[in-house]
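Trainee: Submitted below is the structure of interest, expressed as structure tokens.
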Amino acid sequence: MTNRFDLPDLGVGVGLRVPHFNYVLEEQPAVDWFEIISENFMDTEGRPMRILEQVREHYPVVMHGVSMSIGSTDPLDRDYLQRLKRLADRIDVAWMGDHVCWTGVNGSNGHDLYPVPYTEESLAHVVERIRIVQDILERPLVMENPSTYLQFVADSMSEIEWIGRMAEDADCALLLDVNNVYVTARNHGLDAMEYLQQVPWDRVVQNHLAGHTDHGTHCIDTHDDHVCDDVWELYAWVQKRAGGIATLIEWDGNLPDFPTLQAEADKCRPHRSFLDG
Amino acid sequence: MGELDRLERWMLRVVTHPEGVDAGFDAARTEGLLPEGAEVLTDIVPGNDRLSPEEQLHIYAFAYFERIIDVLADEYPTVQHLLSLEHFRRLCREFLVDHPSEAYSLNRVGVPFAGWLAARSARAAKAQPTWSAKLALAVDVAIVERTMDEVWDEPFAESIPFERLQAIPMEAWADVKLETMPALALLELAHPITEAMNAARDDEAIVVPKPATTWICIYRDDDRRWRFELTFEQHGLLAALSRGETLGEAIEAVATSEGADVAAMMSGLGGWFKEWMGTGLFASVRLGD
């Protein structure tokens, strides 16, 4: 199954992080692609950009942002969007995206991925903004489901129903973070499989996998450990259901050396072996 | 104001309040930020059988301060070492309350930190002179650490060797323009900072030095960053050249500065430029207009 945007299954990638810069350039490790945090590269002409340009010579690169704040009621930051576009054009990225969330309001930024209430009002607001952003960026936006730690009384539909309608109405692509599905399901007493069965698969162009911290009463999406067995199980189902989706291992806290990160990424491959034939 | 806007303003107020979620909720009520019809927290966030609404909001509130303070700790490791972990993190919380982030990038949150520390040091001057002196040194250290970060983001340029300057006839040197590297910064500080920064690097206690005007050059040559002290005259020369003045104009500017040691400058010039060009401080040399 291919996605409706004809974006390729890039294989298995990892995030490009500063402590790994030299290793990646010197060893050119056998990962299929890299994802960058957009904000770490869009305001620099210095060393990070030089590294990125060299990496891009050997690997596809995807941009993943954390600051678009698509759910915020503040005006869209046009300067930020133009900077994003300039970077995307310069690096010739495979695709770019951000999160279903808001990060601040009234001019202040909390630098977190805050949950959007799943209401008709927020849906219309976000759909309109995604359309504007896609016009500015001149490419489809790839929106990621968040990990959330609370729900609102005002919610009038489930997260996946809201995201499905958002994707349909805004005609955007989706990044399905399987760990986020697990964390959100655990935190709100939901059934992760039920969530996955409602995903509009023809819009999903990328998966994320990551480790989280299980506090018993709740889970936090910490990106600081190996992917847990339950998430691998969900991921195996997702890959078979979708027929192969580009996958990225996110690891930010307690960042291991590159070979350990690469080994974690390689654990994806058996779950994608049906693609080999 | 729509419901979405009201809900977002309410939540940001609650999770960024320095005294926690309950105090944030009370502040939001006082400020008229509660969503329409809400009287108590459970009217907005239902919670569940494992976590109360307060506990769920606390996850975001905790992350707000921790995430940003961790970034500041990464940017200002010597300041943290100087002030101690506990004091540094407490000051960072105060800083965040005074300077809620308006930047889209976490990398920019710490930009006003040195200026804020300076004001904080001035406020403490009478009541806590020892603490104030430490904060005053922290201001200079913060300026250096911020600058060390910023030179990463300046574009790279190939440096020119000393031979390029030597190839120009000496009688034309006064009209020469030497362009400094883009990733070069010149600082004038109120304290010597080298020993403090070396002590932090070696995980040793920092002795607060007496204030003394100090001049520093920071630059990057691809993937390495360098920091070294300058004399008043050296700083003046490099500053004038980086403003686009000719070598003759730069020398004249320094020579006419109050307190300049003109004889030392004139005897040191050749060696200084040989050293600076050897370390790659200049991107181009050309004769003036």
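The values are calculated or read from the model by the stated rules, or taken from the named source; none is laboratory data. Everything quoted here is computed from the prediction, not taken from an experiment. So basically every Cβ, Gly included, is an ideal-geometry build from the backbone, and we count neighbours across all protein chains shown. The accessibility values were calculated without ligands, DNA or RNA, using every heavy atom of the protein model including side chains. Shrake-Rupley method; radii C 1.70, N 1.55, O 1.52, S 1.80 Å.
Trainee: Looking only at helices (runs of 4 or more DSSP H) that lie completely in the stretch B:188-283, which have at least 2 residues being touching a residue at least 40 places away in the same chain (Cβ under 8 Å) and under 30 Å from A:Pro48 (Cβ atoms)?
Mentor: In the stretch B:188-283, B:194-201, B:232-242, B:262-278 are the helices (runs of 4 or more DSSP H) which contain 2 or more residues that are touching a residue at least 40 places away in the same chain (Cβ under 8 Å) and under 30 Å from A:Pro48 (Cβ atoms).
Trainee: Tell me yes or no: at least one residue of the stretch A:60-77 is facing chain B (nearest Cβ under 10 Å), of a type in the set (Val, Ile, Thr) and either open to solvent by less than 10 Å² (accessible area, probe 1.4 Å) or touching a residue at least 12 places away in the same chain (Cβ under 8 Å) (or both).
Mentor: Yes.
Trainee: For A:Met49, only one of the following conditions fails: (1) free of Cβ contacts under 8 Å to residues at least 12 places away in the same chain; (2) closer than 21 Å to A:Arg272 by Cα. What is its number?
Mentor: Evaluating A:Met49 over (1) free of Cβ contacts under 8 Å to residues at least 12 places away in the same chain; (2) closer than 21 Å to A:Arg272 by Cα leaves (2) as the failure.
Trainee: Still on this model: I'm checking my understanding of the structure. Among residues of the stretch A:37-57 that are of a type in the set (D, E, K, R) and touching a helix residue (DSSP H, G or I) at 6+ places or on another chain (Cβ under 6 Å), which one is least open to solvent (accessible area, probe 1.4 Å)?
Mentor: A:Arg47
Trainee: Taking only pairs six or more apart or across chains, which ones have beta-carbon atoms under 9 Å, a first residue in the stretch A:99-128 that is at the interface with chain B (Cβ under 7 Å from one of its Cβ atoms) and free of Cβ contacts under 8 Å to residues at least 12 places away in the same chain, and a second residue that is crowded, with 24+ Cβ neighbours inside 10 Å and aromatic (Phe, Trp, Tyr)?
Mentor: As it stands, the answer is A:Gly110/A:Trp102, since those pairs meet every condition given.
Trainee: Considering B:Thr231, B:Thr180, which residue is away from every other protein chain (no Cβ under 14 Å) and under 17 Å from B:Phe156 (Cα atoms)?
Mentor: B:Thr180
Trainee: Which residues, taken from the stretch B:42-57, are in contact (Cβ under 8 Å) with a residue 12 or more places away in the chain and surrounded by fewer than 20 Cβ atoms within 10 Å (Cβ to Cβ)?
Mentor: B:Glu54
Trainee: Could you check how many residues of the stretch A:7-33 are in a loop (DSSP other than H, G, I, E, B) and either among the small types (Gly, Ala, Ser) or modelled with pLDDT under 95 (or both)?
Mentor: 2
Trainee: Quick check on A:Leu261: is it among the hydrophobic types (A, V, I, L, M, F, W, C), assigned to a helix (DSSP H, G or I) and open to solvent by less than 50 Å² (accessible area, probe 1.4 Å)?
Mentor: yes
Trainee: Name every residue in the stretch A:40-84 that is of a type outside the set (Val, Ile, Thr), in a helix (DSSP H, G or I) and under 25 Å from B:Ala157 (Cβ atoms), in order of residue number.
Mentor: If the condition is that a residue be of a type outside the set (Val, Ile, Thr), in a helix (DSSP H, G or I) and under 25 Å from B:Ala157 (Cβ atoms), then A:Asn40, A:Arg47, A:Pro48, A:Met49, A:Arg50, A:Leu52, A:Glu53, A:Gln54, A:Arg56, A:Arg83 are the ones that fit.
Trainee: Determine whether the stretch A:258-271 contains at least one residue that is touching a strand residue (DSSP E or B) at 6+ places or on another chain (Cβ under 7 Å) and either modelled with pLDDT under 95 or of a type in the set (Val, Ile, Thr) (or both).
Mentor: no
Trainee: Within the stretch B:65-106, count every residue that is surrounded by 21 or more Cβ atoms within 10 Å (Cβ to Cβ) and closer than 23 Å to A:Tyr149 by Cα.
Mentor: Final tally of qualifying residues: 4.
Trainee: Looking only at the stretch A:100-125, filter to residues that are open to solvent by less than 10 Å² (accessible area, probe 1.4 Å) and under 17 Å from the mean Cα position of the chain (by Cα); which one of those is nearest to B:Leu4 (Cα to Cα)?
Mentor: Here the residue is A:Val116.
Trainee: Of all residues in the stretch A:203-227, which are away from chain B (no Cβ under 14 Å), in a loop (DSSP other than H, G, I, E, B) and buried (at least 17 other Cβ atoms within 10 Å of the Cβ)?
Mentor: A:Gly211, A:His226, A:Val227
Trainee: Related question: Are any of the residues in the stretch B:179-196 over 22 Å from B:Leu117 (Cβ atoms), β-branched (Val, Ile, Thr) and open to solvent by less than 40 Å² (accessible area, probe 1.4 Å)?
Mentor: Checking the stretch B:179-196: at least one residue is over 22 Å from B:Leu117 (Cβ atoms), β-branched (Val, Ile, Thr) and open to solvent by less than 40 Å² (accessible area, probe 1.4 Å).
Trainee: Here's a follow-up. Give the stretch A:135-156 a look and list any residue that's aliphatic (A, V, I, L, M) and open to solvent by 20 Å² or more (accessible area, probe 1.4 Å), or say none.
Mentor: Passing the criteria: A:Ile136, A:Val153, A:Ala154.
Trainee: For the stretch A:19-36: of the residues being surrounded by 19 or more Cβ atoms within 10 Å (Cβ to Cβ) and within 20 Å of A:Gly97 (Cβ to Cβ), which is farthest from the other protein chains (Cβ to nearest Cβ)?
Mentor: The selected residue is A:Trp33.
Trainee: Within the bounds of the stretch B:88-97, is there any residue that is in a loop (DSSP other than H, G, I, E, B) and either charged (D, E, K, R) or within 13 Å of chain A (Cβ to nearest Cβ) (or both)?
Mentor: No, that holds for no residue.
Trainee: Separate question: Hey, among B:Glu245, B:Glu249, B:Glu233, which residue is touching an Asp or Glu at 6+ places or on another chain (Cβ under 7 Å), buried (at least 16 other Cβ atoms within 10 Å of the Cβ) and on the phi < 0 side of the Ramachandran plot?
Mentor: Within the list B:Glu245, B:Glu249, B:Glu233, the selection yields B:Glu233.
Trainee: Take B:Phe62 and tell me if it is modelled with pLDDT of 95 or more and either under 20 Å from the mean Cα position of the chain (by Cα) or β-branched (Val, Ile, Thr) (or both).
Mentor: Against the criterion (modelled with pLDDT of 95 or more and either under 20 Å from the mean Cα position of the chain (by Cα) or β-branched (Val, Ile, Thr) (or both)), B:Phe62 does not qualify.
Trainee: While we're here: Could you list, in sequence order, all residues of the stretch B:14-28 that are more than 9 Å from chain A (Cβ to nearest Cβ) and assigned to a helix (DSSP H, G or I)?
Mentor: B:Val14, B:Val21, B:Asp22, B:Ala23, B:Gly24, B:Phe25, B:Asp26, B:Ala27, B:Ala28
Trainee: State all residues of the stretch A:150-194 that are more than 14 Å from chain B (Cβ to nearest Cβ) and hydroxyl-bearing (Ser, Thr, Tyr); if no residue qualifies, say none.
Mentor: A:Ser158, A:Tyr182
Trainee: Scan (1) under 18 Å from A:Pro115 (Cα atoms); (2) free of Cβ contacts under 8 Å to residues at least 12 places away in the same chain for the single condition B:Glu19 breaks and write down its number.
Mentor: (1)
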